[in-house]
Amino acid sequence: MSASKEKYTEAQYLEAIEYQPKTGTGKIANYVDTRVGGTSIVREFGRKVFPDHWTFMFGEVALYSFIITVISGAFLTFWFDPSMATTRYSGSYAPLQGLEMSMAYATSLELSFDVRGGLFMRQLHHWGALMFVLAMSVHMIRVFFTGAFRKPRELNWVVGATLLVLGLAAGFTGYSLPDEVLSGNGLRIIDGMLKAIPVVGTYISFFLFGGEFPGNEVIPRLYALHIFVIPALLLILIAVHLFLVVMHKHTQYPGPGRTQRNVVGYPIGPVYAAKAGGFFFIVLGVLSLLAGTFQINALWNYGPYDPSPVQAGTQPDWYIGWFDGVLRIMPGFIGNIPLEFVLPTPWGGNSVATPVLVPMIPITVLLLGVFVWPWLETWITGDKREHHLLDRPRNAPTRTAFGVAMVVWYLVMWGAASSDLMATHFALSLNDVIYWLRAAFFLGPIIAYLLTKRICLALQRKDREVALHGHEAGVIEVSADGEFHEQHKLPNEHELWTLVSYEAPAPSGPRPNAKGKITAVEKVRARLNRIWFEDRVEPVSREEYLEAIGHHGESPAGLEAAQSRQAITSGAPADSR
Amino acid sequence: MKALSQKRRHPFAFVALLLLGLLVTGGLYAAATTVNQAQASNTPDGFSSEQVDEGERLFVANCASCHGMNAEGSDAGPSLVGVGAASVEFQVGTGRMPMQMSGPQAQQKPPQFNEEQTTQLAAYVASLGAGPGIPDDEWLDVDEGDPARGGELFRINCAMCHNAAGAGGALTEGKYAPSLHGVDEVHIYTAMTTGPQNMPVFNDANIPPEDKRDIIAFLKTYEQQGSPGGFSLGFLGPVSEGLLIWTLGLALLIGSMVWLTSRSS
Amino acid sequence: MAEHGNGDSTAVVKAGEGASGDYAIDNPGLPPHRPRLADVDEKAAKRSERQVAALFFISIIGTVMFFVGYFAVARMDQFENYFEGMSALRVQNTLIGVGTALAMLGIGLGIVHWAKTLMPDHEVTEARKPLRTEEDRADAEKIVTEVVDETQIKRRPLLRNTMIAAALLAPLPAVVLFRDLDRTADFGVERMRHSLWDEGIRLVRDPTGTPIRAADLTIGSAMHVIPENLREVSGHGDRLAEKAKSVVLLMRLNPDDLHEPTPGREDWSYEGIIACSKVCTHVGCPVALYERHTHHLLCPCHQSTFDASEEFKVTFGPAGRPLPQLPITVDDEGFLIARSDFTEPVGPTYWERGHTDPEGDFPA
């Protein structure tokens, strides 16, 4: 930056040094300011504007759940001993007394039964973790459906996706720590999945477990990952994520007075800070309420890990559910033909565990898809502009439909992880549940896509209808000549603006490259572009609108605005700075 | 029920009824003749011959249509020779028999027979051939059992079907392992010795009576201790927890978000 | 409109300001501010103030509740009666949890209510700054060019190439360092081919370790079994690792229900008693759910179903191979023993499994 070359006068330096604060608070503020430069921070952030909408709060929930989970987790570490050395349990829980178990399990029990508030903190930690991943997921879904990932926020979307993956890792490593039968079998499944990886899988498993499963080493290793490596990465990426949010300024929904060039909302001081700060306590309160009233992970039920026992209803925490579910719906045989096969190799043959590897495909596709989506969409639509105004989901029908299809796909895999509970609780055959889920795996996303797209287009048409002819007022009038018609209430200009200010471009067709050739890739792009844009409901045009007004013979609020054609300046009515 | 009432109006309903009547009459006659045989042959330990007689009468009236007049079994129901008094105690005592409808497995329902009648039926079935008997009270006394040892045995032998907390679980093709909460000691015991439905048999050579008592002690301890962390969510583990956070947890937060961002009036 | 945002990436961003003619009407600007009750009515403002104070007071009550739960309810180990201790724990957990919840919700709801009703609710418009000015960009580019020039890296390719080579190699030690994550003496895939089972090893009950006579199993029985020599393995981790490979489910079927064994397996069962590895061939969960009439073995993790009467072939679910069967017989004393080890590696498929028997130590 050129700032370094700026020249300052001696008077400017002296001004800063000689300033004498008058009040006590002022003295403290000045002391801090002259050492850390608080002035610029206050000037930058003190009145920074944040748009206010309830769907913008999920990210905050995720942040707060993370903080709560870190704090409660730190509390747990004071008692928990992640050792696989054995001990004979002698704590308060009678049905396990005298059994041989690892220190990890014994200290988890100690935390639950013999440390006051330990059970509460354990449950708070676990509910907090579930909420952390949940909030991240919903936040990501919100960002997707409103198009908030578009330029210039693509990289922050990637940071967010990485945070989600790290959240899954944090959750799974924590789930495994108490070393009871449930989490032990979870690790065993991970071991089985690792071993299925061609060439290196077996060795990855050896290195993770320090030998053959389960060995002596895995819990301390997972502990190091769980309390140090993953949280540190999470912390760094959260900082990057927030820095980028501040740098880009928050997106906002389209609406009157909102443009691509401004941000409309409440200033940090005092309203936004109070709301966001108060919301931290609300999130903590809700999680405390859950932790105080609903039992979570009753690890004393499961007993110390032993490779022999297993329990009906062996499931992972919800966010790992889709990994488990997709493993369940994959068949091992088609008819009598095994899908698993031995690849003939010169050294005797290698096994390909198809029934484990194939389910990794949808998981990889979904995860990778999340990471590359911003670029994929830009490539298809050719839209390389900056977007600070969000899309109402209905106004991006193809994206919304595709997103819903992917959500449904995820839901099918996720739901499959509780196939056994669906069977018992709805009195169904376990096998039938799996057959239906297999069908839903393929058909669900397609149906969801078609249905959602139709719903979006219908909602857009409804918007057009309202914009041109107004809301149905629910009043039926009889005209003098006996004709019935319903009264319509025309929207005011503010509502109208929200209904009409969107884009619905037509497909653009293939474009030749610099050499004037249309490449095969470009043809694919053009085809996708057509699918993307061909079903569209155009927003009401000025001509249509003026005609409709004339037709109604009324003078609606929007008319003036439509005719005056005044440009909105960024500082418009509610001016502050 | 609807199907039944439709069938009742079927033209052949009368014929079927007639046949049924004939069968029952004939059955009663046959029963009367076999009573003496039973009396003469063997009265099982712990039962009186009157109980056997009464039991046989009940059997013929209520069970013979599926299990055969002499409990030799038919297409509709297995032979009961050698299943022992324990099977009757379990199947009839928990209301699973007589079966209400056919299905993947017999459903639990309020028992149709009182304790006395159940004992009589048990006496009759026990008289047909040797089988697991009704356990002594000694083996049902949970105060004598060791819940910790029972828990270990439970996790190895039972939890894979019945869930680690005894909440039950799914089996193949519509069958399921029922919840063990609130099941009587004697029924837990007899289920182990007889292996009802598709449950494997855990005879005394496999799990000795002392160990069975430990398992019962564990289950009863578990039942009595409740859930210290709050509502148990059905003891179903991560699925119900995930469901709760996605419903109640999310709803509470969305509620507060909407309130927080809405304008005050 | 239609050309907008599609196709031509160099299109001028007109929509930025909602400029004239793009839409049916022009951007009408922010809707007029509607004053709240508390803005116009001092009584309403006073009421809000009292509500906020009440919420803060609820928070204080919550904190007191926490202390009651923490100190007034005794810890579990101070109870003579176990069940009383457990219910006390539940009471304590509820008081602590609900107390904390009230304490936090009181503060949170109070502050938010304060912000909503008493703090200004005028929406404010702030202009977005361009991410950079062209002047700054040009400056930065100049600096970068100068910095690169000053390093002379472009003029001295030898420096550049050797540096790249060094940088590529330097991380390798960091990878190699992890080699000792597995320091076991028997490192390698060989160990996965064998378990503790061997000819003459007795089948004993899990966890009691008592041997089993054939007569102990009636038809329909199932028993969870470990090898007798498992208890000789010292070291908890090693024992668990061995157990993880050698757990066996033993069951007795009516011999008539058993299908004709494949050649070579004729003497693997004993009077209807069969034994199989409990470790699922899918991803390794214990397949322990045995249905005695259907002879189905079900894995509770992913619902793979095996048919015990047909040499544990897969009848449903994701498993790709039958469960390995353990050949068994009885010894002179009538106890069940293994005829040999499993004739294939147990558990999930791994890459090197394909060549099951490179050393030829499994019977054909």
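The values are calculated or read from the model by the stated rules, or taken from the named source; none is laboratory data. Values in this document were obtained by computation on a predicted structure and should not be read as measured data. Cβ coordinates were reconstructed from backbone atoms using ideal geometry, including for glycine residues, and neighbour counts include every protein chain displayed. For accessibility, only protein heavy atoms count, side chains too; no ligands or nucleic acids. Shrake-Rupley method; radii C 1.70, N 1.55, O 1.52, S 1.80 Å.
Annotations
Conditions (1) over 23 Å from residue A:257 (Cα atoms); (2) surrounded by fewer than 20 Cβ atoms within 10 Å (Cβ to Cβ); (3) within 13 Å of chain C (Cβ to nearest Cβ), marked per residue:
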{"position": "A:409", "(1), (2), (3)": "yes, no, no"}
{"position": "A:413", "(1), (2), (3)": "yes, no, yes"}
{"position": "A:420", "(1), (2), (3)": "yes, no, yes"}
{"position": "A:431", "(1), (2), (3)": "yes, yes, yes"}
{"position": "A:457", "(1), (2), (3)": "yes, yes, no"}
{"position": "A:470", "(1), (2), (3)": "no, yes, no"}
{"position": "A:475", "(1), (2), (3)": "yes, yes, no"}
{"position": "A:482", "(1), (2), (3)": "yes, yes, no"}
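- Residues in segment A:36-58 that are assigned to a helix (DSSP H, G or I) and charged (D, E, K, R): A:43, A:44.
- Looking at A:185, A:156, just one residue is more than 22 Å from residue A:228 (Cα to Cα), modelled with pLDDT of 95 or more and open to solvent by less than 20 Å² (accessible area, probe 1.4 Å), and that residue is A:156.
- Criterion violated by residue A:61 - all others in (1) part of a helix (DSSP H, G or I); (2) of a type outside the set (Phe, Trp, Tyr); (3) open to solvent by 10 Å² or more (accessible area, probe 1.4 Å) satisfied: (3)
- Segments classed as helices (runs of 4 or more DSSP H), wholly inside segment B:53-141, with at least 1 members that are open to solvent by 50 Å² or more (accessible area, probe 1.4 Å), under 18 Å from residue B:183 (Cα atoms) and out of contact with any Asp or Glu (no Cβ under 6 Å at 6 or more places or on another chain): B:115-128
- Residue count for segment A:246-267, restricted to those that are open to solvent by less than 40 Å² (accessible area, probe 1.4 Å) and either more than 14 Å from chain C (Cβ to nearest Cβ) or assigned to a helix (DSSP H, G or I) (or both): 1.
- Restricting attention to segment C:95-140, the residues that are surrounded by fewer than 20 Cβ atoms within 10 Å (Cβ to Cβ), at the interface with another protein chain (Cβ under 7 Å from one of its Cβ atoms) and either in contact with a Leu (Cβ under 9 Å, 6 or more places away or on another chain) or part of a helix (DSSP H, G or I) (or both) total 2.
- Condition met for residue A:162 (open to solvent by 30 Å² or more (accessible area, probe 1.4 Å) and part of a helix (DSSP H, G or I)): yes
To keep it simple, each residue is scored yes or no on (1) in the same structural domain as residue C:309 (by TED's automatic domain parsing); (2) open to solvent by less than 60 Å² (accessible area, probe 1.4 Å).
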| position | (1), (2) |
| --- | --- |
| C:159 | no, no |
| C:164 | no, no |
| C:173 | no, no |
| C:181 | no, yes |
| C:202 | yes, yes |
| C:211 | yes, yes |
| C:219 | yes, no |
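- Selection of segment A:343-399 for residues being part of a loop (DSSP other than H, G, I, E, B), more than 30 Å from residue A:259 (Cβ to Cβ) and open to solvent by 10 Å² or more (accessible area, probe 1.4 Å) yields A:344, A:345, A:346, A:347, A:348, A:358.
- Test: residue in segment A:175-182 that is open to solvent by 30 Å² or more (accessible area, probe 1.4 Å) and either in a helix (DSSP H, G or I) or at pLDDT below 95 (or both): no
- Qualifying residue in segment C:271-293 (condition: open to solvent by 10 Å² or more (accessible area, probe 1.4 Å) and of a type in the set (Ser, Thr, Tyr)): no
- For segment C:183-200, filtering for residues that are without any contact (Cβ under 8 Å) to a residue 24 or more places away in the chain and surrounded by 13 or more Cβ atoms within 10 Å (Cβ to Cβ) leaves 3.
- Of all residues in segment B:142-171, exactly one satisfies the criterion of being touching a residue at least 24 places away in the same chain (Cβ under 8 Å), within 7 Å of chain A (Cβ to nearest Cβ) and surrounded by fewer than 24 Cβ atoms within 10 Å (Cβ to Cβ), namely B:148.
- The condition of being in a helix (DSSP H, G or I), open to solvent by 10 Å² or more (accessible area, probe 1.4 Å) and within 10 Å of chain C (Cβ to nearest Cβ) holds for only one of A:136, A:140, A:121, that being A:121.
- Every condition in (1) buried (at least 22 other Cβ atoms within 10 Å of the Cβ); (2) in contact (Cβ under 8 Å) with a residue 24 or more places away in the chain; (3) not assigned by TED's automatic domain parsing to the domain that holds residue A:163 is met by residue A:303 except one, and the failing one is (3).
- Only one entry of A:440, A:506, A:427 meets the criterion of being open to solvent by 40 Å² or more (accessible area, probe 1.4 Å), of a type in the set (A, V, I, L, M, F, W, C) and without any contact (Cβ under 8 Å) to a residue 40 or more places away in the chain, and that entry is A:427.
- Residue among C:315, C:329, C:281, C:294 that is of a type in the set (Val, Ile, Thr), within 14 Å of chain A (Cβ to nearest Cβ) and assigned to a strand (DSSP E or B): C:315
- When residues in segment A:493-510 are screened for being part of a loop (DSSP other than H, G, I, E, B) and among the charged types (D, E, K, R), 1 of them pass.
- Among the candidates B:249, B:242, B:229, the residue that is of a type outside the set (S, T, N, Q) and touching an Asp or Glu at 6+ places or on another chain (Cβ under 8 Å) is uniquely B:242.
- Among the residues making up segment C:77-94, those that are open to solvent by 20 Å² or more (accessible area, probe 1.4 Å) and either facing another protein chain (nearest Cβ under 8 Å) or among the aromatic types (Phe, Trp, Tyr) (or both) are C:77, C:79, C:82, C:83, C:87, C:90, C:94.
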